[in-house]
Amino acid sequence: MTNQLLDHTAEDTFLMCAPDHFEVSYVINPWMAGNIAHGNRSVAMQQWLALVEAMGKVATIKMMPAMPGVPDLVFTANAGVVLGNKVVLSRFRHVERQAEEVYFDAAFTAHGFEVLTLPPELPFEGAGDALMDRSENLLWFGHGHRSDIACATRLSELLDIEVQPLKLVDARFYHLDTCFCPLAGGYVMYFPEAFDADSQAHIAARVPADKRIIVSSEDALHFACNTVNSGRHIFLNQASDALVTQLQANGFVVHQTALTEFLKAGGAAKCLTLKLNEPHQGATQVAR
Ligand code: ARG
């Protein structure tokens with residue numbers, strides 16, 4: 001399996017947005033509580049630039065324009081879910097973020113994507129809640145906090161892909177990408193307690209035990225699951241020695257890059273990026 005990870009050659013492309021206007025100015029998740037006006041934007045900028053620099057060594061980064069009045073626009077993971085040349089645009093649950101939709105729509109159009117939308121009554125928060133498996137033609141879909149369960153069928157139809165819904169039950173892990181990360185080689189790194197029992201069983205049924213990387217609550221609370229994965233490279237805010245060792249044993253190279261300013265808004269590495277190259281694997285299934 002290590003060799004399979006090392007074989008990765010094609011560069012990934014990620015969409016990011018500079019934190020020129022980033023701040024915590026409202027509370028829509030538990031991480032933001034008590035953090036209004038407690039951020040330091042120049043530290044946020046340094047941390048974001050360090051992530052860009054680290055990722056830029058192995059991947060291509062495309063920037064979208066920063067905009068005033070939408071402080072969470074930096075979290076491009078929430079722009080939509082990309083598959084092939086299609087993207088299903090997000091429709092934010094909270095009014096505080098709905099003004100971002102037009103900017104994300106423009107960014108996707110500028111990059112040549114066919115932009116699809118869900119019915120107006122269905123909240124959907126993009127690649128915050130919809131994550132492609134890395135070895136199966138499968139979209140994992142988190143619901144319970146932000147995205148509506150009814151999106152599962154719609155996403156399956158719009159993107160012609162199997163969707164596995166997972167119910168999120170801990171308010172601190174309000175997006176799927178805060179507690180679950182599919183990795184190259186068919187691994188899945190996740191914090192089981194963030195899911196209801198049925199969903200934990202679905203994960204166990206689909207992912208063999210030797211491919212499940214279970215994260216402790218301490219690591220989960222440091223946003224270790226909020227990982228950007230490109231080939232064998234993993235970029236995250238912070239991970240314990242035990243987790244780093246486990247990831248290395250499975251062939252990954254772990255880059256820890258502090259994103260504490262973004263944790264104040266409830267986000268970290270993965271939230272700050274959106275993978276733009278998500279090839280549709282069609283009928284070809286890669287064995288785990
Ligand atoms: N403050 C933002 C929100 O609550 C953070 C979004 C983090 N993004 C993510 N993909 N988890 O919506």
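Every number in this text was worked out from the coordinates using simple rules, so none of it is lab data. Quick caveat, the model's predicted, so the values are computed rather than measured. Positions of Cβ are generated from backbone atoms using ideal geometry, with glycine treated the same way; all protein chains shown enter the neighbour counts.
Only Cα sites of the stretch 16-57 enter the Debye sum here, all with the same form factor; the resulting log10 I(q)/I(0) across q = 0.18, 0.29, 0.33 1/Å is -0.59, -0.98, -1.08, listed in q order. All other residues whose Cβ lies under 11 angstrom from that of residue 220 are scored, Lys and Arg at +1 and Asp and Glu at -1, for a net of -3. Going down the list 57/211; 62/270; 62/264, which pairs span over 19 Å between their C-alpha atoms? In this structure, 57/211; 62/264 exceed 19 Å between Cα atoms. Largest first and in whole Å, the equivalent-ellipsoid semi-axes of the chain read 25, 22, 19, each the square root of five times a Cα gyration tensor eigenvalue.
Given 5 Å bins starting at zero, what is the percent of C-alpha pairs of the stretch 137-227 in each, up to the one with the largest pair distance? P(r) over the stretch 137-227, rounded to whole percents: 3, 15, 25, 26, 20, 9, 2, 0. Once each part is reduced to its C-alpha centroid, what is the distance from the stretch 18-45 to the stretch 88-108 in angstrom? Rounded to whole Å, the Cα centres lie 19 Å apart.
Rg over Rh for the stretch 34-98 works out to 1.00, using Cα positions for both radii and the Kirkwood form for Rh. A crude spin-label estimate for the pair residue 160 and residue 111, with each label 7 Å from Cα along the Cβ direction, gives 2.2 nm. Would you mind telling me which residue in 209, 59, 152 has the biggest mean-square fluctuation in a Gaussian network model of the chain, where springs connect alpha carbons within a distance under 10 angstrom? Among 209, 59, 152, the largest GNM mean-square fluctuation belongs to 209.
Across 228, 74, 207, mean-square fluctuation computed from a Gaussian network of the chain (C-alpha pairs under 10 Å connected) peaks at 207. Note on the chain: GNM, Cα springs under 10 Å; of 129, 196, 177, the largest mean-square fluctuation is that of 196.
Net charge in the neighbourhood of residue 14 (other residues with Cβ under 12 Å of its Cβ; Lys, Arg +1, Asp, Glu -1) is 0. When both bridge partners sit in the stretch 176-288, DSSP labels roughly 50% of those beta bridges antiparallel. The gain in end-to-end length when the residue 214 to residue 253 segment is fully stretched comes to 12.3 nm, 0.36 nm per residue minus the alpha carbon separation. Summing +1 for each Lys or Arg and -1 for each Asp or Glu among the other residues whose beta-carbon sits under 12 angstrom from that of residue 250 gives +2.
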